[in-house]
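Notes to accompany the following structure.
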Amino acid sequence: MRYALRILLKSPGFTAMAILTLALGIGANTAIFTIANALLLRPLPYKDPDRLVRIATEHNQVGLLSLPYFTAVRDHNRSFSSVAAYGQESFNLTGRGEAEQIGAERVTWNLFDVLGVRPIAGRTFRPEEDQPGGNPVVMISSELARRLFNSDANAIGKNLSLDSKDYTVIGVLPAKFSAPLLGRKLDIFAPRLTEMSIVTPARIQIGGMYFEGVGRLKPDASIEQAQAEIEVLYRQYKHDKPGNFDATVNVTMTVMALQQNLVANVRPTLLILSAAVGFVLLIACANVASLLLSRALGRRKEFAVRTALGASRGALIRQLLTESVLLAVAAGAIGIALGQAGTRLLAVYSTSNFPQMADVSMDLRVLAFTLAISIASGVLFGLTPSLQLSRPDLNTMLRDEGRGSTGGRHRERARGLLVVAQVALAMVLLVGAGLLARSFLRLRTASPGFEPRGTLTMQTYLPPSRYPLARQKIAFYTTALRNMHAVPGVEAASISTALPVLANHGTPFLFEGQPVVPLGRRPVALIQSISPDYPKTMGIAVVAGRTFNDHDDADAQPVALVNQAIVRQFWANQNPLGKRVLIGNLPKPFEVVGVLGDAKNNGLGVAPGTEVFVPYPQLASPQLYLSVRTSLEPHTLASALRGQVAAADPDQPLTEIQTMEERLESASASPRFTMLLIGIFSATAFILAVVGIYGVIAYSVAQRTQELGIRIALGADNRDIFRLVIGGGMALTLIGIGIGLAGSIALTRVMSAMLYQTSATDPAILGASAGLFLGVALVAGYLPARRAMKIDPTEALRG
């Protein structure tokens with residue numbers, strides 16, 4: 001160790017270059033592993049998390065438990081010690097300054113017992129509080145308790161006015177409790193699933209509302225046993241409750257480990273990123289191995305003398321591997337710092353998509369991983385030079401030295417193989433980055449089907465306690481819409497229950513001309529309640545017929561607009577105007593009076609789904625989006641609009657005040673995030689590979705000075721020397737590019753699901769990547785080639 005340290009310190013430039021090169025690879029791997037460890041490997045922060053499962057559907061991997069089916073599972077299962085359910089809710093908090101909307105969840109009374117989560121103050125719910133007519137109680141987050149009451153303990157027993165109804169705080173949950181389970185940060189938890197605000201209790205009782213389900217397996221039960229039992233219970237439920245909404249839905253219920261379910265959406269991205277940083281580390285190792293081989297020429301005499309004095313080959317290999325591992329461990333120490341910084345950056349830029357990232361941090365597992373890959377890297381890049389140097393031949397060494405040899409064909413061949421490996425790995429990353437960039441560019445330039453510029457949106461929510469009747473919701477709608485139109489600079493204003501890009505609520509439809517089937521077997525389409533100016537505000541084209549008007553009120557004939565996707569699917573080659581549509585279990589059919597252009601309604605990367613629009617007065621909903629179109633900077637209208645909504649109801653808060661352009665940015669945040677990371681890693685790999693090419697050619701020129709001098713003396717001109725020098729580097733580059741392209745075609749197919757209108761074997765990307773590599777490699781070889789052309793044959797031969 002002492003000798004290795006002295007040797008490394010004698011060449012500070014070489015040592016620094018090797019350590020920094022490795023630190024880049026190790027740091028990138030540490031950052032990605034830190035995230036993978038937190039999201040995929042670290043146990044959930046619940047009691048015995050390996051016993052927790054999610055009851056889901058086979059395809060959605062999300063909850064599909066109606067309240068009556070949940071009750072059947074709870075009462076008749078033998079595999080679970082307990083089961084719980086929960087659903088997303090929203091509350092308007094008033095009486096404490098300006099009204100605000102608070103993210104909430106309706107839960108069964110035992111959810112926290114199932115998870116094994118204890119409040120840090122107060123208690124959890126009791127069974128009687130989960131019954132209709134039970135006491136109005138809530139549990140709140142630690143963050144909300146400290147914001148409203150200055151401490152966790154002070155919150156217990158206090159009242160909160162939620163949706164104009166007093167609730168008593170009975171418990172405070174641990175900080176950041178909700179994100180791992182719910183994927184978002186929530187502040188209020190209330191019992192009684194039957195009191196969900198967005199649907200009536202009667203609809204909930206007939207299976208018309210779905211919830212998330214989580215269960216705790218008994219000690220002697222397996223997931224396979226629970227799976228079989230869930231299937232039997234679902235078939236029995238459908239037999240016993242044939243009239244329930246979900247009894248006619250053809251799905252397969254599944255039981256999945258909770259942790260596996262929660263990370264299902266991030267696992268593919270993390271696996272791809274892990275492969276990318278693994279490639280970067282391999283390229284870094286190849287680069288350092290190439291540096292060690294270059295340095296080996298100067299140490300040939302040292303190892304020849306060691307061998308002559310009796311050193312075994314094993315001793316020489318141990319010494320060389322000690323040096324390389326020492327280099328790698330030093331790089332690992334720097335890599336930890338780089339990984340920590342990288343993790344923080346990733347957390348900042350990805351928390352909006354993955355709230356679990358807020359809690360990502362290094363632990364002993366991450367440090368052990370970094371130490372392991374550091375040692376493995378040291379062995380990996382040190383092995384080839386060790387095997388080369390540990391077999392010195394004194395006679396060969398002296399003969400090579402006298403002839404100005406490059407140090408032996410074997411060493412040159414090893415350096416060439418390392419360069420080929422670097423180029424091939426870098427090509428795979430470069431192609432992957434190119435595919436993601438092309439996909440993202442197409443995603444951003446594709447028409448969303450509406451005009452996002454100049455549109456400001458905001459959300460509000462009409463609590464059932466204040467707006468129990470449809471006419472009360474309609475009165476607010478009418479007043480708010482009139483007030484919004486009065487704001488100077490507003491060119492159009494509308495109210496809707498959803499917005500483009502954001503997935504809407506779906507409901508079963510029966511379109512005229514389709515066979516009459518039970519409700520649960522009818523096609524599901526998205527549905528929106530809108531005001532007349534919604535198409536104008538959003539910039540959605542009216543393809544046929546008319547939009548709504550003020551005469552389409554609650555007393556008028558039910559009417560509807562449909563998008564082009566519905567026309568293509570159900571009325572191809574027919575006139576949709578005048579067709580009739582049955583919506584859900586509403587008794588009267590709606591007449592189609594117009595067709596709107598397709599707007600992206602399930603995300604930017606997904607083709608528009610079928611969607612039906614109805615006048616808000618004919619299907620009033622508590623959840624509202626308010627939107628305006630203006631030629632001014634949209635956010636300058638926010639204050640005036642807030643005031644106009646307050647004039648309609650001072651207790652109605654406005655949330656999510658964003659332009660549609662900002663919403664599009666959020667919708668494309670995940671693919672942009674992945675593209676940037678892969679781009680950074682591929683750029684790093686590309687630079688390392690180019691440096692490797694340059695190093696090989698430059699070193700070759702330095703070692704072949706005598707040979708090149710003789711060639712020039714014998715009549716070789718500059719073009720001959722240029723071709724000779726460049727040819728070797730280009731041959732290695734071409735071989736690496738060929739292998740890399742083959743690997744890219746095989747490996748990038750894994751990315752197909754992440755690409756938008758882009759083939760994983762896009763010839764333009766493959767060709768551009770190969771061309772870029774060839775061009776830069778040519779530049780990398782030009783400087784050494786130019787130096788070779790300037791060799792003075794007299795000086796070369798004299799030397």
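Summary table
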item: Calculated FRET efficiency for the pair LEU345/VAL199, C-beta based, R₀ 45 Å, to 0.05; result: 0.60
item: Inter-label distance for THR57 and VAL517, nm, one decimal - labels placed 7 Å from Cα along Cα-to-Cβ; result: 1.3 nm
item: Accessible area in square angstrom per residue, the range 628-700, 1.4 angstrom probe; result: 39 Å²
item: Three-way shape label, the range 47-175, alpha-carbon gyration tensor, a/c 1.5; result: prolate
item: THR168-ALA16 FRET efficiency (beta carbon distance; Förster radius 56 Å; 0.05 resolution); result: 0.30
item: Of all DSSP beta bridges in the range 86-240, antiparallel share, percent nearest 5; result: 70 percent
item: Full-extension gain in nm, ARG787 to GLN88, via 0.36 nm per residue minus C-alpha separation; result: 244.7 nm
item: Exposure ranking of ARG235, ARG642, ARG192, ARG184 by accessible area [1.4 Å probe, largest first]; result: ARG235, ARG642, ARG184, ARG192
item: Centre separation in Å (Cα based) which lies between the range 420-463 and the range 8-34; result: 32 Å
item: Within the range 525-578, chymotrypsin sites (Phe, Trp or Tyr not before Pro) in DSSP loop having at most 10 other beta-carbon neighbours inside 10 Å; result: none
item: Dipole magnitude (debye, nearest 20) for the chain, charges at Cβ of Lys, Arg, Asp, Glu; result: 3240 debye
item: Separation between Cα centres of the range 316-335 and the range 722-748, rounded to whole Å; result: 30 Å
item: Backbone N within the range 1-31 under 18 Å of label point (7 Å from ALA311 Cα along the Cβ vector); result: 1-11
item: Interatomic Cα distance distribution for the range 248-335, bins of 5 angstrom, percent; result: 3, 9, 11, 14, 11, 9, 8, 7, 6, 5, 5, 4, 3, 2, 1, 1, 0, 0
item: Gain on full stretching of the segment that runs from ASP553 to ASN718 - 0.36 nm per residue minus C-alpha separation; result: 50.7 nm
item: Rel. contact order, % - alpha carbon contacts under 8 angstrom, at least six apart, the chain; result: 16 percent
item: Options PRO132, PRO119, ALA153, ranked by Cα towards positive dipole end of the range 103-158, top entry (Cβ charges); result: ALA153
item: Stretchable slack from ARG295 to VAL251, in nm (0.36 nm times residue separation minus alpha-carbon distance); result: 9.3 nm
item: Inter-probe distance in nm under a simple model that places probes 7 Å from Cα toward Cβ, at ALA768 and LEU604; result: 1.7 nm
item: Computed helical MRE - 222 nm, the chain, DSSP H runs ≥ 4 contributing -39500 (n - 2.57), nearest 500; result: -16500 deg cm²/dmol
item: Listed peptides 667-675, 306-314 by packing density, highest first (mean Cβ within 10 Å); result: 667-675, 306-314
item: Protection proxy ranking, peptides 554-566, 103-115, 157-169, average beta carbon neighbours within 10 Å, highest first; result: 103-115, 554-566, 157-169
item: DSSP-defined beta bridges in the range 543-675 - what % are antiparallel, rounded to 5; result: 55 percent
item: Percent breakdown of C-alpha pair distances by 10 Å bin, ordered from the shortest bin, for the range 412-538; result: 9, 22, 22, 18, 11, 8, 6, 3, 0
item: The range 564-636 - Rg and Dmax from Cα coordinates, angstrom; result: 15.5, 46
item: Cβ crowding within 10 Å averaged over residues, with 118-129, 613-624 ranked highest first; result: 613-624, 118-129
item: FRET E, pair THR655, ILE745, Förster distance 45 Å, beta-carbon r, rounded to 0.05; result: 0.45
item: Degrees between helix 409-445 axis and first principal axis of the chain (Cα, 0 to 90, nearest 10); result: 20 degrees
item: Cα centroid separation, the range 117-179 to the range 691-720 (Å); result: 78 Å
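The values are calculated or read from the model by the stated rules, or taken from the named source; none is laboratory data. Keep in mind that this is a model prediction, so the values were computed, not measured. Methodologically, a virtual Cβ is constructed for each residue, glycine included, from the backbone with ideal geometry; neighbour enumeration extends over all protein chains shown. We work out accessible area using only protein heavy atoms, side chains counted, and drop any ligands, DNA or RNA first. Shrake-Rupley method; radii C 1.70, N 1.55, O 1.52, S 1.80 Å.
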